[in-house]
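Derivation of every value follows stated rules applied to the coordinates shown; laboratory data play no part. Quick caveat: nothing in here was measured; it's all calculated off a predicted structure. Neighbour counts run over all protein chains shown; Cβ positions are idealised from the backbone, glycine included.
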Amino acid sequence: MKFFVDTADIAEIRDLAATGLLDGVTTNPSLVAKNGGDFFEVVKEICALVSGPVSAEVTAIEVDAMVAEGRKLAEIAPNITVKVPLTWDGLKACRSLAQGGIKVNVTLCFSSAQALLAAKAGATFVSPFVGRLDDIGQNGMALIGEICTIYRNYPETITTQVLVASIRHPLHVIEAAKLGAHVATIPPKILRLLVAHPLTDKGLAAFLADWEKTGQAILAR
Ligand code: G3P
């Protein structure tokens, strides 16, 4: 499973990219607004920090304007993926951008029917929002299972990757991996939580205390 980080925070991306565990980045207009700065400059800097796909979202809602914005965003760097919303215009823009060789992430997906359309429109990624479905009492992870099953039924024609978005806790990541989703885009805080386990901390403290008693040092040899 690929790990993307879901943020426009340059410092966070730099820090997490240094682990070597980051496969890409997703941003959206809300994340850009939250972090501030010039959109183009921020995205350019992110693209230089990670070699994998960096999603940057169009803000137009009509197909021609979406395509024009998408082409402009794609000029920022070779690793840009253009994000478009899951509307009829977004699907038409996806088709047009994809035919022009631009990778597209179709976002704001909340149903299997929408995911099927995104695949038919030539999306590289589809982004179902699990947390926002959970928030309204629906089962976000059930949607991931459905989309993965549907896509797997058409291995010859569907190459779209399921990019699980709106992740709120580590279990979302684990469940998505169990279902075979291709990518999880994870907020920095949740990504850091994945490593945490109290028994790891406790075990390490005990090992170090016992080692101390031996009076030895590995690098002293
Ligand atoms: O990037 C899209 C998605 O991950 C947003 O998450 O937490 O705003 O629902 P959230």
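The number of residues in the stretch 169-204 that are of a type in the set (A, V, I, L, M) and exposed (fewer than 10 other Cβ atoms within 10 Å of the Cβ) comes to 2.
Residue check: residue 160 meets all listed conditions (1) farther than 12 Å from residue 4 by Cβ; (2) of a type in the set (S, T, N, Q); (3) surrounded by fewer than 22 Cβ atoms within 10 Å (Cβ to Cβ) but one, namely (3). Residues in the stretch 142-175 that are touching a residue at least 12 places away in the same chain (Cβ under 8 Å), within 16 Å of the ligand (Cβ to nearest atom) and over 19 Å from residue 86 (Cβ atoms): 168, 169, 170, 172, 173, 175.
Close contacts from the stretch 38-60, counting a first residue that is basic (Lys, Arg) and a second that is away from the ligand (no atom under 16 Å from the Cβ), with Cβ to Cβ under 8 Å and a gap of 6+ residues or different chains, come to 44/76; 44/77.
Does residue 107 satisfy the condition of being within 16 Å of the ligand (Cβ to nearest atom) and in contact with a Gly (Cβ under 9 Å, 6 or more places away or on another chain)? Considered against the rule, which asks whether it is within 16 Å of the ligand (Cβ to nearest atom) and in contact with a Gly (Cβ under 9 Å, 6 or more places away or on another chain), residue 107 comes out as yes.
Restricting the search to strands (runs of 3 or more DSSP E) fully inside the stretch 24-125 and requiring at least 3 residues that are hydroxyl-bearing (Ser, Thr, Tyr) gives an empty result.
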